[in-house]
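Asker: Please see the structure below; I have some questions.
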Amino acid sequence: MPHRPRRRAASGAERPVALITGASSGIGAAVAERLASEGGWQLLLNGRDEERLAGVAKLTDGTPLPADVTDSGGRERLAEEALERGGRVDALVAAAGIGWAGPFTGMPREAIDRVLSVNLSAVVHLVRLFLPGMVSRGAGRVVMIGSMAGCVGVRDEAVYAATKGGLMAFADSLRYELHELGLTGVRVSMVMPGAVDTPFFSRRGVPYHRSRPRPVPPARVADAVWQALVTGREEAFVPPWLGLPARVHGAAPGVFRALAKRFG
């Protein structure tokens, strides 16, 4: 990933603490690099691949906290270690995710459970562990990595799309609850990329084959995450033009579906 010059870091207690999941590669690693380039964050980095996570931690001056977030015990230990190391978590960036491609009728039960667990269940449980602290302090950021697939649905990615659509509804519901509490300092954001040039596609076993949208570098998604952390922006599409088909789907779903069936 491209390197940015680092800014002078704030001292100890002044630095906000960010916990990034999926930080051993892809979008999560790019987010860690982006925040490190700003020089003002204490970074707590989570992932399952300890060797790669240690490499990202070394590059970004972050603290590696390896754990399997799909395991309830692993999540609890991660939360305990994060609070022990940082004292608090000011920002949670949920960047861990996996995919599976192919007709839903041929998707193995184990693959369904795994995609649901990593992309949706683990995120909900992690937010449950860290959001109460943000609410009690009256400040904090939760940024979840969604997908264009969660906005409009995608053939051969039914369960993946369902998990990302679930995160969108989860984020909206949290925003309503926070508004009811009058907590304008706690913000929930969704960053929704199209295709991203990461190992995601090779790991799911099926390469990316669509002509549009073309894959973007993970640094572009990391930039959107950074803006969400700084401004509290609730929604960002990467690239931005993807917001148009998402809005067409919302305004005229029948028309969108007819076009999607015809043109893919």
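The values are calculated or read from the model by the stated rules, or taken from the named source; none is laboratory data. Since the structure is predicted, the reported quantities are computational estimates derived from the model, not experimental observations. With ideal geometry, Cβ positions are generated from the backbone for all residues, glycine too; neighbour counts draw on all protein chains shown. Calculation scope for accessible area: heavy atoms of the full protein, side chains included, ligands and nucleic acids excluded. Shrake-Rupley method; radii C 1.70, N 1.55, O 1.52, S 1.80 Å.
Asker: Taking N as the number of residues in the chain, what is its alpha-carbon radius of gyration divided by 2.2 N^0.38 Å?
Answerer: Relative to the 2.2 N^0.38 Å estimate, the chain comes out at 0.98.
Asker: Here's something else I'd like to know. For the chain, what does the helix formula give at 222 nm: sum of -39500 (n - 2.57) over DSSP H segments with n ≥ 4, over the residue count, nearest 500 deg cm²/dmol?
Answerer: The helix contribution divided over the chain gives -15000 deg cm²/dmol.
Asker: For segment 150-179 and segment 230-249, compute the distance between their C-alpha centroids and round to whole Å.
Answerer: Result: 14 Å between the Cα centres.
Asker: Can you give the angle from 0 to 90° between the axis of helix 253-263 and the longest principal axis of the chain, with both taken from C-alpha atoms, to the nearest 10?
Answerer: Roughly 70 degrees between the two axes.
Asker: Rounded to the nearest 10 Å², what accessible area does Glu50 show when all protein chains are kept and the probe is 1.4 Å?
Answerer: Solvent-accessible area, nearest 10 Å²: 130 Å².
Asker: Give, in nm to one decimal, the length gained when the segment between Val255 and Val206 is fully stretched (0.36 nm per residue of separation minus the Cα-Cα distance).
Answerer: Extra length from Val255 to Val206 when fully extended: 14.7 nm.
Asker: Could you check the simple spin-label distance between Glu50 and Glu84, using points 7 Å along Cα→Cβ, in nm with one decimal?
Answerer: That separation, rounded to one decimal, is 1.5 nm.
Asker: Share of the chain's accessible area from carbon and sulfur, percent, 1.4 Å?
Answerer: 54
Asker: Would you mind working out the accessible area per residue for the chain, using a 1.4 Å probe, and quoting it in Å²?
Answerer: Working: 12990 Å² over 264 residues.
Counting only protein heavy atoms, the per-residue value for the chain is 49 Å².
Asker: Quantify how much of the Cα-Cα distance distribution of segment 75-148 extends past 18 Å, in percent.
Answerer: Values: 1298 of 2701 pairs.
That fraction is 48 percent.
Asker: Per q in 0.11, 0.13, 0.17 1/Å, what log10 I(q)/I(0) does a Debye calculation on the alpha-carbon atoms of segment 155-236 return?
Answerer: So the normalised log intensities work out to -0.39, -0.53, -0.83.
Asker: Given points 7 Å out from each Cα along the Cα-Cβ axis, report the Glu76 to Asp172 separation in nanometres with one decimal.
Answerer: It works out to 3.4 nm between the two label points.
Asker: Something else about it: So for segment 126-174, averaging the separation of alpha carbon pairs under 8 Å that are six or more residues apart and normalising by length, what relative contact order in percent results?
Answerer: Values: 31 pairs, mean separation 13.4, N = 49.
Here the relative contact order equals 27 percent.
Asker: Rounded to the nearest 10 degrees, what's the angle between the helix 26-38 long axis and the longest principal axis of the chain, both from Cα atoms, 0 to 90?
Answerer: It works out to around 40 degrees.
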